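The values are calculated or read from the model by the stated rules, or taken from the named source; none is laboratory data. Since the structure is predicted, the reported quantities are computational estimates derived from the model, not experimental observations. Don't worry about glycine lacking a Cβ; one is built from the backbone with ideal geometry, like all the others, and counts go over all protein chains shown. Note: areas computed on protein heavy atoms with side chains; ligands, DNA, RNA excluded. Shrake-Rupley method; radii C 1.70, N 1.55, O 1.52, S 1.80 Å.
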Amino acid sequence: MSEVVKLQLIGLCVVGLGTVILLFIKGQFLRVIGFVAIVLGLFALVALAVPQMASLPPAEESINIADIKTPTDMATIGQKIFFSKGQCALCHSIGPSESARCPDLKGIGAKLSREFIFESLTEPQAYLYLDYRHEGVPKEYPARMPYINKNPIGLSKNEILSVIAFLQQMSGEPISVSPSELDIPRATPAPVKAADAGTVAVAQAR
């Protein structure tokens, strides 16, 4: 029996108890308690009847270097990362949006160089916004942008380059990022059995 079913049974018992109190007990205070029990029990039953959906983190996009042949392939992967693992769309928009909390990224690939975009993602505090809207020394506002290459987002260099390729393509600019710049993951050495390791050691000794 699942926990939801158990809670539903408890809710039915509460509703039943409240109904019994209203039908057979004449005390006003107890009848109020019975009415409240019925309301709470029905509310719990309705809440438990709503389908429960698990909240899962966005699926990570795996990058297979062998499948990337052109900069357009990188932009395709970058678009998926932008809306999933990178969590960029949580704050930024592509085009005017009233719900966006951060700058609109439409055309950003045409306005900024790839080096500046890379630095903005990995070192967001490198540049500070100065507010000159008051007299005296301008007030500094550090960037609220998280370090995209560190936890909790933790994008790799390959993923960041793919996102830059997407921003450039989305802006109608030639993609300046090349697949040759991607880091090829090192192959994990196969484990060696103890017996094989002993044989190798003897062979090396000879």
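With every protein chain in place and a 1.4 angstrom probe, the accessible-area ranking of R31, R186, largest first, reads R186, R31. Full extension of the chain segment joining L17 with Y127 gains 33.1 nm, where the gain is 0.36 nm per residue of separation less the Cα-Cα distance.
Note on F166: accessible area approximately 10 square angstrom, rounded to 10, probe 1.4 Å, nucleic acids and ligands left out. Summarising the label geometry, the points placed 7 Å from Cα in the beta-carbon direction at Q28 and S84 lie 6.4 nm from one another. You can think of it this way: the chain between E115 and D183 has 22.8 nm of extra reach, that is 0.36 nm per residue less the Cα-Cα gap. For region 63-134, the direction-averaged projected area of the alpha-carbon convex hull comes to 6.7 nm².
A Förster radius of 25 Å, combined with the Cβ-Cβ distance separating T76 from N151, puts the computed FRET efficiency at roughly 0.45.
Counting only protein heavy atoms and using a 1.4 Å probe, the accessible area of I184 comes to about 130 Å². The order of E159, E123 by accessible area, most exposed first and with a 1.4 Å probe, is E123, E159.
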